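Just so it is clear, none of the values below were taken in a lab; they were calculated from the coordinates. A quick note: this is a predicted structure, and the numbers were derived from the prediction, not measured. Cβ placement follows ideal geometry from the backbone for every residue including glycine, while neighbour counts extend to all protein chains displayed.
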Amino acid sequence: MAKILLLGSGRDVYREYLLASVAADHDVVLVQDGPVTWQRRHLTAAHHVAPDDPQAILRVARDESVDGVLTWMESWVESAAAVSTALRLPGHPVLSARASRDKHRMRQVWAAAGVPSARSILVTDEAQAGRAAAEIGYPVVVKPRALAASVGVTLARSPAELRRAYAVAAGAGLDRFENAVPGVLVEEYLDGPEISVESVVVRGGRVRPVAVTEKRTGLPPGFEELGHLVSGARRAEQLASVRRVVEAAHDALGLCEGTTHAELRLTDRGPRLVELAARLGGDLIPRLVGLATGIDLGAAAAAAALGEDPLLTATRRDSAGIVFRYPDRAGEVARLDPVPVLPGVVEAAWTAPVGTRVALPPDGFIGRLGYAIAVAGDDATCRERLDRAHAALVPVLAGQPELAGAGSR
């Protein structure tokens, strides 16, 4: 079997299904900077290396004689590109990978290429942020120049809100992945439904969009992703409406071979790019794609890493969605009752233990306590099942014996 070097693995609850898919048909060598626990059953070898040490990763790759390099973790994207380039293996170019992690550079590239996106101004202090917001016009979105998962991203509707938004963005961090490049972006607010597009870029730089995910965001002033839905039945129609702009965004960045996750807003002026990551999407989105369409994005990512043509033919036309359970206020989790079995809900779990302290935007981000995945033959039924699952996931916070967020959707 071909041997794949996997850089980073993530949490089992969010990423084990991908690792299992890759390991089913390949030998997997894992490189990561944390302990190897649940991953071990899927691996042939593991090495402890930091994500910002591409030379050490390259030595592992050569010693292990790997045939491809793969990551789905944001903090490993540049190292994956550097190692695959050094070994002349399939992958995204280093400069393209770097641009995908630098939202300022991404905006510059898209503006030069005429790719529709948000107007954006890079600032380094609060005074500059105020001038940028006045120039663009309120409301504005304020975000870190790097990071992922909407961490540190908030909406400001006034100068008073802008001051808080700037402080939040400037100080944001995601676990140990600190903002890789300095600066904060003040951007035009794009109104309209938000979606993501999962794509595979194959040999020759050909972009193959696979599926559209409808997002539901909330918890203002943040943009927390509260849930996602993938419609197998409407897949072709959805992809046709955004294919041209998604392909243009890839071409401008020079992404060559691998998987990508694009986020867009469907505005009254047409689809406009929010960002484009040189990796698979998170939040179990690839799992939803598989449940709705039958397309295995883990296997597709492995094929792309080996320079092979992935299998991207849909075999299902179902709807699959996920809902995340947040509390309705900040506090400490006192009790999490067993997750009930519900019709059409194929997976549900608590992801934070009792005793977890959770904060909501703008004081904290990704304050999720659990999730549920539902599948149905149509979108409406899938959403109904997600609503019932959300209502059944009832966290109780300290000092609050009643439901913490029940019915708050």
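The listed peptides 44-52, 338-346, ordered by packing as a protection proxy, come out as 44-52, 338-346 (highest mean of other Cβ atoms within 10 Å first). Seen from residue 82, the other residues with C-beta closer than 14 Å to its C-beta sum to a net charge of +2, counting Lys and Arg as +1 and Asp and Glu as -1. Legend: calculated FRET efficiency, residue 95 to residue 330, from the Cβ-Cβ distance at R0 = 35 Å, rounded to 0.05, equals 0.30.
If one computes the Cα centroid of segment 106-120 and of segment 212-245, what distance in Å separates the two points? Comparing the Cα centres of segment 106-120 and segment 212-245, I get a distance of 21 Å.
The distance between label points at residue 36 and residue 1 comes to 1.5 nm (points 7 Å beyond Cα on the Cα→Cβ vector).
Computed over the alpha-carbon pairs of segment 191-317, the distance histogram in 10 Å steps reads 13, 47, 34, 6, 0 percent, short to long.
When all alpha carbon pairs of segment 3-89 are counted in 10 Å bins from zero, the resulting P(r) reads 19, 58, 23, 0 %. For the chain, adding -39500 (n - 2.57) for each run of n ≥ 4 DSSP H residues and dividing by the number of residues yields -9500 deg cm²/dmol at 222 nm.
Computed from label points 7 Å out along Cα-Cβ, the spacing between residue 62 and residue 346 is 4.4 nm. Across the chain, the mean sequence separation of Cα contacts (distance under 8 Å, 6 or more residues apart), normalised by length, yields a relative contact order of 14 percent.
In this calculation the C-beta distance from residue 127 to residue 181 is compared with R0 = 30 Å, giving a FRET efficiency of 0.90. Net charge near residue 45: determine it from the other residues with C-beta under 12 Å of the C-beta of residue 45, scoring Lys and Arg +1 and Asp and Glu -1. Net charge in that neighbourhood comes out at -1.
At what distance in nm do the modelled label points of residue 189 and residue 380 sit from each other, each positioned 7 Å from its Cα along Cα→Cβ? Using points 7 Å along Cα→Cβ, the separation is 3.2 nm. Projecting the Cα atoms of 26, 151, 231 onto the charge dipole of the chain (Cβ charges, centred on the Cα centre) puts 231 farthest toward the positive pole. Electrostatic tally near residue 192: other residues with Cβ closer than 11 Å to its Cβ, Lys and Arg +1, Asp and Glu -1, net 0. The spread of Cα positions in segment 331-397, taken along each principal axis and listed from longest to shortest, comes to 38, 26, 14 Å.
Quick one: grab the alpha carbon gyration tensor of the chain, order the square roots of its eigenvalues as a ≥ b ≥ c, and give me rounded if a/c is under 1.5, else prolate or oblate depending on whether a/b is larger than b/c. Verdict is rounded for the chain.
Per-residue packing, averaged as other Cβ atoms within 10 Å, sorts the ranges 274-280, 303-309 into the order 274-280, 303-309, beginning with the highest.
Within segment 256-409, the proportion of Cα pairs with more than 29 Å between them is 31 percent.
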